[in-house]
Amino acid sequence: MIEFKVKDPGLADEGLKSISWAESRMPVLMEVKRRFTQAKPLKGLVVGGCLHVTKETAVLARVLASGGATVALCGSNPLSTQDGVAAALARDGFHVYAWRGQSEEEYYECIRRVLEWRPMVTLDDGGDLTVLLHREGGEALDTVIGGTEETTTGVLRLRALAREGVLKYPVVAVNEAQSKSLFDNPLGTGQSALDGIIRATNILLAGMNVVVAGYGRVGSGIAERARGMGARVTVVECHPIRALKAAMSGFHVASMGEASSYGDLFITATGDVDVIRKEHFEKMKDGAILANAGHFDVEVSKRDLAELSTGHKRISECVEEYRLRDGRRFYLLAEGRLVNLVCGEGHPSDVMDLSFSLQALCVQYIYENGGRLPVEVLDVPEEIDLEVAELKLKCMGLSLETLTDEQKRYMSSWNLGT
């Protein structure tokens, strides 16, 4: 087997500096590493991960290795790998198969390289590794005792597998943990999506008409932060409760058909396909900027955009200009892929501290309970969720209130008020 495959092993020193910085911003994960180093709870475990190969992911890989695990890793997006980080991991003995700018064929080749190591626990971001493993089966599937999933999109795919009765092993939906869904999704993506857009374009958000498609965990965070930078924000939402929540939070709510006529910047965050399509492009004004914060590059219809255009050119690494027959120009960021990772560095290390601490502890939980967990999509155990939150508070220098015995008795009684 090929031990690793990266763009340039000579970038390892550069990557190591980035990893060291991330470690300094991830105190909870460093506490998990201290415990793992002492107890070696993952000794003998082989972990196969399909995650964005960033400096934060490198910290997670190192923590798992400190617990005794062998780690094989590939990227979960063809454009999100930080090549210096991949090189540093390869030099440190990790089986990493990732580089920025992969073709679709290379992308899936790298997933198969990870599966060659016969992982016992899978870590996934978007479900590609898990789905490929289920689709192709074989000996690689026989060794898996469980897995985890990092994203909303991935959890949706896993639940579809479970509904159809074809899920082959238990998977913990890390994405659904309170200490991730309440913070990583709105805070991490909210900040990093705008960071990626600004890095790519250097636009001024103040006074701009920003249209956010989707008001879930991710979209709500983007909308809040865009408003905080002075933008006039419209939310496009298909779910009446989420749309009402957006309206009650002070956002203008409209259909994409309406919003497409006045938007300056469009950011999709739905996880669905063709959120912005031909009928919307036809109404957009010259200079509209299109960005996506959902997992796959399907929310902005590149097919429709190409059909309406006389041609397009690359303005920079992250910006493509599409010129329509009538002379209007649209600017697509990150080839329609995750704008925060392709044009930026992804979530801040501080918020990934929560998500990846959950990942590490869930890997331990799966390994220690191998063969005893039901084959379904599982919630993160509450004790792990609470432990991570409490550790983060402690690292922030914050303390919790302690209930008195009388308060505990009162809250557990049916006879309140007496």
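Only the coordinates and a few stated rules stand behind these numbers; no lab work does. In this text, all values refer to a predicted model and were calculated from it rather than measured experimentally. Every residue, glycine among them, receives a Cβ derived from its backbone with ideal geometry; neighbour counts consider all protein chains shown.
For Glu116 and Asp286, compute 0.36 nm times the residue count separating them, minus their Cα-Cα distance, and round to one decimal in nm.
Length difference between fully extended and current span is 56.3 nm.
Which one, (i) 43, 24, 19; (ii) 35, 29, 20; (iii) 33, 24, 19, gives semi-axes √(5λ) of the Cα gyration tensor in Å as derived from the coordinates shown?
Matching the structure shown: (ii).
Taking the DSSP beta bridges in the chain as the whole, what percent of them are antiparallel, to the nearest 5?
Beta bridges within the chain, antiparallel portion: roughly 20 percent.
For the range 145-211, which trypsin sites (Lys or Arg not before Pro) are both in a DSSP coil and crowded by at most 15 other Cβ atoms within 10 Å?
Answer in residue order: Lys168.
Order of 51-63, 203-215 by packing, highest average Cβ count within 10 Å first?
51-63, 203-215
So which cysteines of the chain have no other cysteine's Cβ under 4.7 Å from theirs?
Cysteines of the chain left without a disulfide-compatible partner: Cys50, Cys238, Cys362, Cys395.
So if I place +1 on the C-beta of Lys and Arg and -1 on the C-beta of Asp and Glu, and nothing else carries charge, what would the dipole magnitude of the range 274-367 be about its Cα centre? I want it in debye, nearest 20.
In debye, rounded to 20, the range 274-367 gives about 460.
Taking 8 Å as the Cα distance limit and 6 or more residues as the minimum spacing, I'd like the relative contact order of the chain as a percentage.
Dividing the mean separation by the residue count of the chain yields 16 percent.
Normalised by the residues of the range 186-342, what does the relative contact order come to in percent, with Cα pairs under 8 Å and at least six apart?
Relative contact order of the range 186-342: 22 percent.
Could you tally the net charge around Cys395, taking each other residue with its Cβ under 15 Å from the Cβ of Cys395, Lys/Arg +1 and Asp/Glu -1?
0
For a footprinting-style exposure proxy, rank Ser249, Ser76 by other Cβ within 10 Å, fewest first.
In order of increasing Cβ crowding within 10 Å: Ser249, Ser76.
Count the DSSP beta bridges whose two residues both fall in the range 186-342, then state the antiparallel fraction as a percent rounded to the nearest 5.
35
Quick one: among Leu11, Leu89, Leu129, which has the greatest mean-square fluctuation in a GNM of the chain with alpha-carbon springs under 10 angstrom?
Leu11
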